[in-house]
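The values are calculated or read from the model by the stated rules, or taken from the named source; none is laboratory data. The model shown is predicted, which means the values in this text are computed figures rather than measured ones. Backbone-built Cβ (ideal geometry, glycine too); neighbour counts: all protein chains shown.
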């Protein structure tokens, strides 16, 4: 499994869903490219988990995606926050886009994230790299209670035990430094 | 509505439920009184809330209890952690005791609490007072999705908008300094 | 004391400090206006506090600023994160700009904020309003150990006891909904 | 380097410092043994770190201790909270006991811990084991700015880069499951 940083944090190209005409939050490809070189872009990311009856994480969900080059890569639920959109709306939209309408995520009661990740196009500034942009990402751990049917370009959600998700082999499949991010996010829920 | 600090954080007298013979975690009234004067006692407290579809708190639940003296007082879900019991087990047990078996609480994915409250029998050490003991309480905000039917000595769960829960009149009905604690716990979820 | 939402979160006009030629993070006034209407802008805000020897907050610092219209208004340390700049660099830069070089802030060990505030130009979407832009602000409580000499347009840092900072009279002097934000941020440190 | 779970979380035997006569918080060895079998004991633990000018963790401190059996083991700053003592007082006392009076720790502005660890005498209940007791431990990451001169039974504080502290070889030297705890605590500060 190879690593393709160009494909992430999400696969909006330019946007995952058409928006009403005149919506300033929806950007053409040119506009998106322009602002991406001028401002840090706000992202939300979510690590889907399943809990037992006492709230302990028993499974971690990772998305499997194919890149345009035909390679497979793992990722979180992820996407940018549009102009005029709240963090909660963006988080819900991306959860629905990536996990399908029957995932029934338990939306967090607080918008304070579990972790904050800073992605830069140039390596070395932080632990996280995104070739397309400087992104500031608020990372949540989101329990889901329903059935995940990935839409868009994600092929499937792979569920695994926390120990498997934290194994070096899995962490190394997450591009752009997200292996460390997954480790940190799961640490916050005692894994 | 008067304030009776002797009745709280919970109404275990000596224990809320019989335990199997020989269980070292179950204490007789004498033993409980002895250890209460020797060690800080670990508590869990929970503020029940209802969320909208995006995770925003729309209602806050407060328990209404009658004291032995016939007075009414407000409280959280609350109780001590027994020897050999995990925090999650204690939290779940007290949620069930205080809200009934049909409340369907969303147990937190992390045991890191929203707030920590320190109760002392003598006023002035911290903002929180408990005449019976020195208690260290881990405070959670817990979304509930079902129906609450208080058991034990709680008369009812009163649901109110966050703004009403945060009104001075409500906060002052919470004994032992818990008005400030409610304010802090709700601040953590953006209220 | 009046409220002028147009002046905040910060007073960059267009930018608080010249940047090297060709720096894509430094925006002309036109560019800033364009992107502000297209993307949420990442902000950092800091509530300066003084701690006693055990870490308890004993004083809260609020900036007093004069608006171009000659009115006085209270604010936090605040400013946007530039393209290519880390959150820590932005936080440090704005602390130094607003408190002076001798404030000696204790930079947080974690970039996970105490609160996240979402500002919108249109009221009603969230509790926070900023006429200029949609901003997502990461809010920190930052202990300072030195002497504050506000630079730029801030007239002074007013230090007050937490109870005074939380008094209705003070909270109402903070524009754009930041009264609630101050209350929430201080709740996180037990005030 | 061997693992001796009986020696930790701290080396109070029965108490690390004499207390004034009649202090109910100071327990004789018999009393401590009695209550340890009846109630969870409240602990505070601290991972000492050094920060760079922007708040980033650059070094992690681990205590090296000799056990009564002459073996070496790594540990955090750690100890119980006495009756009548606040969490801040206990944290400060144990930091001073374990790091010496010139360590100048930056006490946390909040008592909400970075992690909560639950130790049980019997393995399998949680990830953490303490042969002596059921302990609920509030774990903090504490920046120190001075010089550490361990007192009591600690031989030295070893400073190492975060990557070295997180190496499997180091984590496995921490007894009672504290390797996972160190990983989780450092995750909270972005390591």
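Data for the structure
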item: Index of the failed condition, residue B:49 passing every other in (1) at the interface with another protein chain (Cβ under 7 Å from one of its Cβ atoms); (2) closer than 30 Å to residue D:31 by Cβ; result: (2)
item: Failed condition for residue C:111, given (1) surrounded by fewer than 22 Cβ atoms within 10 Å (Cβ to Cβ); (2) part of a loop (DSSP other than H, G, I, E, B); (3) at pLDDT 95 or above; result: (1)
item: Top-ranked residue in region C:84-95 [being at the interface with another protein chain (Cβ under 7 Å from one of its Cβ atoms) and free of Cβ contacts under 8 Å to residues at least 60 places away in the same chain; ranked as surrounded by the fewest Cβ atoms within 10 Å (Cβ to Cβ)]; result: C:89
item: When residues of region B:162-185 are limited to those that are more than 14 Å from chain C (Cβ to nearest Cβ) and assigned to a loop (DSSP other than H, G, I, E, B), the one nearest to residue B:114 (Cα to Cα); result: B:174
item: Residue D:60 crowded, with 21+ Cβ neighbours inside 10 Å, within 14 Å of chain C (Cβ to nearest Cβ) and free of Cβ contacts under 8 Å to residues at least 60 places away in the same chain; result: no
item: Residue check, residue B:158 away from chain A (no Cβ under 14 Å) and under 16 Å from residue B:50 (Cβ atoms); result: yes
item: Sole exception among (1) within 14 Å of chain B (Cβ to nearest Cβ); (2) more than 30 Å from residue D:177 (Cβ to Cβ) for residue A:125, by number; result: (1)
item: Of the criteria (1) at pLDDT 95 or above; (2) within 10 Å of another protein chain (Cβ to nearest Cβ); (3) out of contact with any helix residue (DSSP H, G or I) (no Cβ under 6 Å at 6 or more places or on another chain); (4) closer than 27 Å to residue B:44 by Cβ, which one residue D:81 fails; result: (3)
item: Neighbours by Cβ (under 6 Å, 6+ apart or cross-chain): first from region C:96-110, more than 9 Å from chain D (Cβ to nearest Cβ) and under 16 Å from residue C:51 (Cα atoms); second surrounded by fewer than 21 Cβ atoms within 10 Å (Cβ to Cβ) and modelled with pLDDT of 95 or more; result: C:103/C:146; C:104/C:145; C:104/C:146
item: Odd one out for residue D:98, checked against (1) crowded, with 22+ Cβ neighbours inside 10 Å; (2) out of contact with any helix residue (DSSP H, G or I) (no Cβ under 6 Å at 6 or more places or on another chain); (3) in a loop (DSSP other than H, G, I, E, B); result: (3)
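Quick grid of which residues meet (1) more than 13 Å from the chain's Cα centre (by Cα); (2) assigned to a loop (DSSP other than H, G, I, E, B); (3) away from chain B (no Cβ under 14 Å); (4) free of Cβ contacts under 8 Å to residues at least 24 places away in the same chain:
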{"residue": "A:119", "(1), (2), (3), (4)": "no, no, yes, no"}
{"residue": "A:131", "(1), (2), (3), (4)": "yes, yes, yes, no"}
{"residue": "A:138", "(1), (2), (3), (4)": "no, no, no, no"}
{"residue": "A:146", "(1), (2), (3), (4)": "yes, yes, no, no"}
